[in-house]
Structures are given as structure tokens and as C-alpha cells.
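Asks: There's a structure below that I have some questions on.
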Amino acid sequence: MATVEVVTKVWIAPGCIVCDACETTCPEVFEVQHDNETCVIRPAALDAEFTKPLTKTIKEAAEECPVDVIKFDTIKVEMSDEEAAKIAGGATATPAAAAADAGAESPKAEAADKAAKASPAKPAAPPKPKVVDPAIQALLAATTVRGGHPMINRAVSDLPEPVRQLSKMSPEELPPDGKFQRVLEKAKPKQEEPSRRDVLLGAGWTALALGFGVGPLLGFNRFMAPNVLEQEDPKVRCGSLAKYAAMPPGEINEDFKPVKPSGFWIIREEDRISALSIICTHLGCIPSWLPNDRKFKCPCHGSGFKPDGTNFEGPAPRPLERFRIYLDGDQVIVDRSRKFLAMGPNDTAVWNDPEASIAV
Ligand code: SF4
Ligand code: FES
């Protein structure tokens, strides 16, 4: 038997520079999202049983991260030498050596250590100098804006000062950054790219219209019309109250999670229903509802929220926000123009506002 240190939880602190190193080393756990300019933990890797056998590669990825934002928790567990060897990645020849490699404290590891001391190994040959083709290095540097080996090889002192400062701060101290804004922008419906044929047809019709003098007319019309900014309706009709009253207490309705620009869950509490915003109160990622664990889990930095939205683990400082909810006849309406913000897990009095829930 050996005592081996295993990773039970892994998360990314703010400050990722999207260099791809972690995904290259441990793709089972890390997913780099260039669109969102961050790296996230894959949902499967939120489970300790999943991360345990990957302990070695997770630690390697954390060491390789140039801004040191990969964090993990470990515990020591008793296991057979064979399992210890598996966790050590099979890179070592014997179970005792494997256990030692994984931080083992077994008698066999001690014996192996003594044996090694009794007959010291031959001094290792000096490493061969690495020949680097300067032309290839220059090509890589010129073609890589960021990411890949050129970024990994950069000295950390090379990083911009704001990034260095951010990487040193704990998640609680961090100011909200532009991430939230970017998430909102991503959530806006994209306009479809016009095809080449559409562009040519459009140009043709425009030329024709201008030729007949429609242009001046349109210009005059635009001049006379009021300036109106079109916005999405913040109110969403969610169906009859009877549908939600029939849900068992504790159940979550996810039908409105994809609604743009800000989705929500309808939750059934003991005697009421409420609408929870899907935006994580840490830095604005979108958590997932995990029915087996009965919690909302954020993939970005590991924050967890109870079924009523109360934060209980990870860096999120506040519960999930609630939207105004009310009845129009028997129809449930969620109004996203008004929010109820609880300031902490024990500061949720605002949820008692008559418009923060509907009694069932
Ligand atoms: S190695 Fe670090 S900086 Fe690079 S993508 Fe992964 S978490 Fe981000
Ligand atoms: S955004 Fe950081 S935990 Fe959700």
C-alpha cells in the first residue's frame, strides 16, 4: 500500500493569457476558449473521481502555466502500489518508484530510496546543447501573435504589468473586468453574413433605386423620422402558473436559459417560484445546473450555487441575481429590467420583495 497525493479539485484563477499550454498538456481537463479569451475546466473534470487519475498531468499543466493561474486542491489517499503507479502516469519503472514519484510515503519507497543511497548512480552525462535554428525561431515569433511555444518561452517578467498584478491577487480582491461585458456582447444575436450573391443583388437594386431618385426621398424621410433606439423587450411570457405550481419543490426549469440577451432559470421553492439570472456573480460566466449534485456549477473558476441561487463554494461573492416576476392573469411574466441583488448568502432579505417571487 502507498499513500499518494491526488488532485480532487482544479480551477482557473483570473488572469489567463490564453496561451494553450494547459490544453496541450492535459486536454481531458482544460479547454482554452479563444472566443471568450479564457481557459475553462471541462464539466467532467469538476468531479474528484475524474481528476484523481490525472493528478500528474494536472500538476504538470499548473507548473507550465506562465501566469500561474491554474489552482488545485489535493488530499492524500491510501491505495495499492499498482494504482499509485497508474496515477504516476506509468512513467516510472516500478510501483515503488511510481509511488515515490507521486509523493508516496510507502515502506517500499523508503527501501528504494535507501538502496539508491547505498549504490549511488553514475553521474549523469552533461545535457547536449539545444541547437535552435534562428530562422525558424524568427518565423514562429513573426507568425504567432500570442499562444503556442513562443508565448510559453517568454520570461514571466516579459508580461505586461497589469497581467502580473492580476495574477498575484486572490479572486476575492479582483475588480470585475471586461469579461462580463464580453459575455453580454457574445449573447447578442449575430447578424448573418450576407452571401456574395446577396451583396451583388443589393448593389444592383441600390444603383437602380438611386437612379430613379428614391435615394433623395429616403434621405428626406430619415431626416423627418424620430431617432428611436430599438431594444429587446425585457419581459418574457413564461406560460401559465399552473405549470410551475405542479413542479416539485427544488425543481429547476431550464426552458429560458437560452433567451437573449439574458437568460434565466425558473426555480420552484417550497411555497413560491422565482427567476434566477444565469450569469455567475464572480466574473460573468454561465454556470450549469448539475441535477445529480443539486447545484449550479460555474465552469470558469468553480463557484457553486445551491438550488435557490445561494453561493456556497468558489470565489463568487454573492448569490445569483433574481429578476422581477409577476402574474398577468394566469400567465407568469419575467421582467429582466428589474433585478433583486442579495449581497451575500446570509443577506437575502431582498428576496422577500413581493415582486421577487410568486406564491404557489
Ligand atoms: S496555461 Fe495558464 S495562461 Fe495558458 S491557457 Fe492555460 S490557464 Fe491560461
Ligand atoms: S465566473 Fe468565476 S466562478 Fe463563475
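Asks: Would you kindly state how much longer the chain becomes between Lys257 and Ala245 on full extension, computed as 0.36 nm times their sequence separation minus their alpha carbon distance, in nm to one decimal?
Replies: Values: separation 12, 0.36 × 12 = 4.32 nm, distance 1.93 nm.
Extending this stretch completely gives an extra 2.4 nm.
Asks: So how do Val332, Val236 line up by other beta-carbon neighbours within 10 Å, fewest first? Don't skip to the end; give the middle numbers.
Replies: Values: Val332 22, Val236 19.
Placing the least packed residue first, the sequence is Val236, Val332.
Asks: Distance in nm between label sites at Leu200 and Lys306, each 7 Å beyond Cα in the beta-carbon direction?
Replies: Between Leu200 and Lys306, the label points sit 6.4 nm apart.
Asks: Also: Show me, for the range 4-11, the HN-Hα J-couplings you get by feeding each phi into the Karplus relation (A = 6.51, B = -1.76, C = 1.60, θ = phi - 60°), rounded to Hz, glycine and proline as x.
Replies: Along the range 4-11, the couplings run 10, 7, 10, 7, 9, 8, 9, 8 Hz.
Asks: Under the Kirkwood approximation for Rh and a Cα-based Rg, what ratio Rg/Rh is obtained for the range 235-359? Let's see the in-between values first.
Replies: Values: Rg = 13.4 Å, Rh = 14.3 Å.
Computed over Cα atoms, the ratio is 0.93.
Asks: Apply the Karplus parameterisation 6.51 cos²θ - 1.76 cosθ + 1.60, with θ equal to phi minus 60°, to every residue of the range 45-50 and state each ³J(HN,Hα) to the nearest whole Hz, in sequence, with x for glycine and proline.
Replies: Working through the residues one at a time gives 7, 7, 9, 4, 5, 6 Hz.
Asks: Under a 5 Å amide H to amide H cut-off, with H placed in plane at 1.01 Å, what residues pair with Arg338 once short-range neighbours are removed?
Replies: Amide H neighbours of Arg338: Arg324.
Asks: Suppose every K and R has +1 on its Cβ and every D and E has -1 on its Cβ; what is the size of the dipole of the range 227-360 about the Cα centre, in Debye to the nearest 20? Please report the intermediate quantities before stating the final value.
Replies: Details: 17 positive and 19 negative charges, 53 e Å.
My answer is approximately 260 debye.
Asks: Follow-up question, since we're still on this one. Mind giving me the nanometre distance, one decimal, between the label points for Glu64 and Leu327, set 7 Å out from Cα along Cα→Cβ?
Replies: In this crude label model, Glu64 to Leu327 measures out at 5.8 nm.
Asks: Using r as the Cβ-Cβ distance of Val350 and Glu313, and R0 as 25 Å, what FRET efficiency do you calculate, to the nearest 0.05? Mind showing how you got there, number by number?
Replies: Details: r = 22 Å, r/R0 = 0.88.
It comes to 0.70.
Asks: Around Thr38, which amide H atoms from residues at least 5 apart in sequence, or from another chain, sit under 5 Å from its own amide H, with H modelled in the peptide plane?
Replies: Gln33
Any read-out appearing in this document is the output of simple, stated calculations on the displayed coordinates, not a laboratory observation. Everything numeric here is computed off the predicted structure, so don't read it as measured data. Using ideal geometry, Cβ is built from the backbone for each residue, glycine included, and neighbour counts are taken over all protein chains shown.
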